[in-house]
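Working notes, beginning with the structure itself.
Nothing in this text is a laboratory measurement; each read-out follows from the coordinates by a stated rule. Quick caveat: nothing in here was measured; it's all calculated off a predicted structure. Every residue, glycine as well, gets a Cβ built from its backbone with ideal geometry; the counts of neighbours run over all protein chains shown.
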Amino acid sequence: MSIWLNPNLSLAELNALNSNTLAGHIGIAFVEIGEDFLRATMPVDARTRQPFGLLHGGASVALAETLGSVAANCCVDSTRKACVGLEINANHIRGVREGVVTATARPLHLGGSTQVWEIRITDSKERLVCVSRLTMAIINR
């Protein structure tokens with residue numbers, strides 16, 4: 001059973017949200033919508049590396065928050081409600097120097113006033129790079 005409120009949710013619609021935003025600037029792209037997950041990718045390049053050549057932890061957090069926030073807002077009636085970030089944490093497991101990382105967001109809790117999402121970021125060999133938990137508040141518009 002799908003968690004998405006809009007059964008016609010499309011990748012084109014989600015990727016259009018990135019235009020002229022931080023997500024667009026650092027190359028985040030939504031790539032898959034599953035029954036209970038949303039997936040996006042981000043390049044590891046000059047925009048997302050720290051000075052020592054590794055994927056910047058802040059870029060991983062930006063990917064996690066972008067993915068989780070968009071997913072959360074796709075689970076509420078956007079004419080009446082909005083989801084805003086309350087707290088995010090991240091554990092950085094493995095360094096990445098190049099290529100693309102892939103993030104998958106799945107809900108741990110979809111409540112009436114809060115949502116909790118787990119976002120797992122992996123490298124091109126599907127090794128865990130970062131695991132993040134995002135708590136969203138659901139507010140009235």
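For every other residue with a beta carbon closer than 13 angstrom to the beta carbon of Gly58, add +1 if it is Lys or Arg and -1 if Asp or Glu, then tell me the sum.
With Lys, Arg at +1 and Asp, Glu at -1, the neighbours total +1.
Protection proxy ranking for 40-53, 93-106, using the average of other Cβ atoms within 10 Å per residue and placing the highest first: 93-106, 40-53. Normalising the average separation of contacting C-alpha pairs (under 8 angstrom, six or more residues apart) by the number of residues puts the relative contact order of the chain at 24 percent. Pairing the Cα long axis of helix 57-73 with the longest principal axis of the chain, what angle in degrees results, from 0 to 90 and rounded to the nearest 10? Taking Cα atoms only, the helix is inclined about 20 degrees. Once the dipole of the chain is set up with Lys and Arg at +1 and Asp and Glu at -1 on Cβ about the Cα centre, which of Leu22, Asn89, Asn6 lies farthest towards its positive end? The Cα lying farthest towards the positive end belongs to Asn89. With contributions of -39500 (n - 2.57) from each DSSP H run of at least four residues, the per-residue ellipticity at 222 nm computed over the chain stands at -5500 deg cm²/dmol.
Judged by the ratio a/c of the largest to the smallest principal axis of the C-alpha gyration tensor, region 10-49 counts as oblate, that ratio being 1.5 or greater while a/b is no larger than b/c.
When only the Cβ of Lys, Arg, Asp and Glu is charged (+1, +1, -1, -1), the dipole of the chain relative to its Cα centre reaches about 240 debye.
Which shape class, rounded, prolate or oblate, goes with the chain when its Cα gyration tensor gives a ≥ b ≥ c as root eigenvalues, a/c under 1.5 marks rounded, and past that a/b bigger than b/c marks prolate? Because a/c hits 1.5 or more and a/b exceeds b/c, the chain counts as prolate. First select every other residue whose beta carbon is under 11 angstrom from the beta carbon of Thr104; then total the charges, Lys and Arg +1, Asp and Glu -1. Charge balance near Thr104 sits at -1.
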